[in-house]
Amino acid sequence: MNVGRFTLCVIAAYIVYAALYIGIMMGVFGELFMANADMMRPPEDSLMAWGYLAHLVQTIAVVWLFDKAVGSNDMKAGAIFGFWVGLYLAATDSTFYTGVKMSTDPWLVAMITHLFVGVVVGIVLSFLYKAPAPAEAEAAA
């Protein structure tokens with residue numbers, strides 16, 4: 001994957017992640033996730049810029065892994081890849097729900113959301129993936 005295509009995939013995945021997580025966790029199930037509002041920083045003490053940067057680094061890693069693991073425009077393979085990334089994020093998130101003193105009410109919704117969002121991102125990356133031209137593939141080998 002060339003730098004331009006990689007950048008496009010990172011931007012698209014970053015937007016899809018943000019839109020789906022915000023839409024699902026804050027929009028559709030906002031009341032459920034407010035069960036842990038008392039654990040969050042107040043807006044004036046927020047470190048959101050660091051959160052956005054961390055999300056960007058995470059997205060770059062996902063796109064890089066997609067290129068190495070799937071490396072094609074096969075939507076089924078992209079969905080499977082996305083499922084596994086979503087499962088990884090769900091397991092990581094579970095450590096917070098089970099290890100930190102907080103409400104576990106939103107836990108199941110969060111786990112399903114991670115799987116769903118992962119699959120969608122995997123499909124989007126498959127859709128955007130463009131295999132290198134035969135001459136480029138030979139040069140890279």
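Coordinate-derived values only; no laboratory data. Small disclaimer: the values here were computed from a predicted structure and weren't measured. Because the Cβ atoms are built from the backbone with ideal geometry, glycine has one as well, and the counts that use them run over all protein chains shown.
Table for the structure above
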| read-out | value |
| --- | --- |
| Under the Debye formula (equal points on every Cα, no solvent term), log10 I(q)/I(0) of the chain at q = 0.11, 0.21 Å⁻¹ | -0.47, -1.32 |
| Relative contact order computed over the chain (Cα-Cα under 8 Å; 6+ residues apart), in percent | 37 percent |
| Gyration tensor (alpha-carbon) shape descriptor, the range 35-82, a/c threshold 1.5 | prolate |
| Ratio of Rg to Rh over the range 53-126 (Cα coordinates, Kirkwood Rh, two decimals) | 1.04 |
| Euclidean distance of C-alpha centroids, the range 40-68 and the range 97-112, integer Å | 20 Å |
| Total charge dipole magnitude, the chain, about the Cα centre, Cβ charges on Lys, Arg, Asp, Glu only, Debye to nearest 20 | 240 debye |
| Helix-only [θ]222 nm of the chain, DSSP H runs n ≥ 4, -39500 (n - 2.57) each, per residue, nearest 500 | -23500 deg cm²/dmol |
| Ordering of 48-54, 68-74 by packing [mean C-beta count within 10 Å, highest first] | 68-74, 48-54 |
| Efficiency of FRET from Cβ geometry, PHE127 and THR95, R₀ 30 Å, rounded to 0.05 | 0.40 |
